Amino acid sequence: VQLQASGGGLAQPGGSLRLSCAASGSIFSINAVGWYRQAPGEQRELVANIMRGGSTNVADSVKGRFTISRDIAKNTVYLQMNLLRPADTAVYYCNTYPPRFEFWGQGTQVTVSS
């Protein structure tokens with residue numbers, strides 16, 4: 001199974017974006033999927049993850065603003081990002097949770113700026 005992130009772009013502060021992570025096969029073949037991000041000069045960090053059973057977890061820095069969900073029929077995991085802040089600017093990646101080296105793709109750029 002391969003994972004491909006998409007949906008990034010430019011958003012204004014307070015705006016919203018929805019990222020998609022499309023799996024080439026069944027997402028049930030993956031125990032858990034995570035969204036990660038890396039800002040310039042910073043380490044990559046976990047933003048949110050969803051387990052095979054459907055339970056979710058989001059980082060404190062995005063709690064109440066970001067939501068992770070999935071569409072099993074579409075083999076896709078989403079990251080709904082609301083109330084975006086300039087500090088959310090980063091390249092966003094999806095990967096397994098915990099991450100596996102071979103699943104790091106190019107990610108999708110999210111820029112929050114007025």
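Okay, here's what the table says:
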| quantity | calculated |
| --- | --- |
| Positions within region 40-59 being surrounded by 13 or more Cβ atoms within 10 Å (Cβ to Cβ) and among the hydroxyl-bearing types (S, T, Y), in sequence order | T56 |
| Region 66-100 - residue that is assigned to a helix (DSSP H, G or I) and of a type outside the set (G, A, S) and, of those, least open to solvent (accessible area, probe 1.4 Å) | D88 |
| Only listed residue being surrounded by 14 or more Cβ atoms within 10 Å (Cβ to Cβ) and among the small types (G, A, S), chosen from G34, G25 | G34 |
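The values are calculated or read from the model by the stated rules, or taken from the named source; none is laboratory data. Predicted, not measured: the structure shown is a model, and the values here were computed from it. Using ideal geometry, Cβ is built from the backbone for each residue, glycine included, and neighbour counts are taken over all protein chains shown. Side chains included, ligands, DNA and RNA excluded: accessible areas come from the protein's heavy atoms. Shrake-Rupley method; radii C 1.70, N 1.55, O 1.52, S 1.80 Å.
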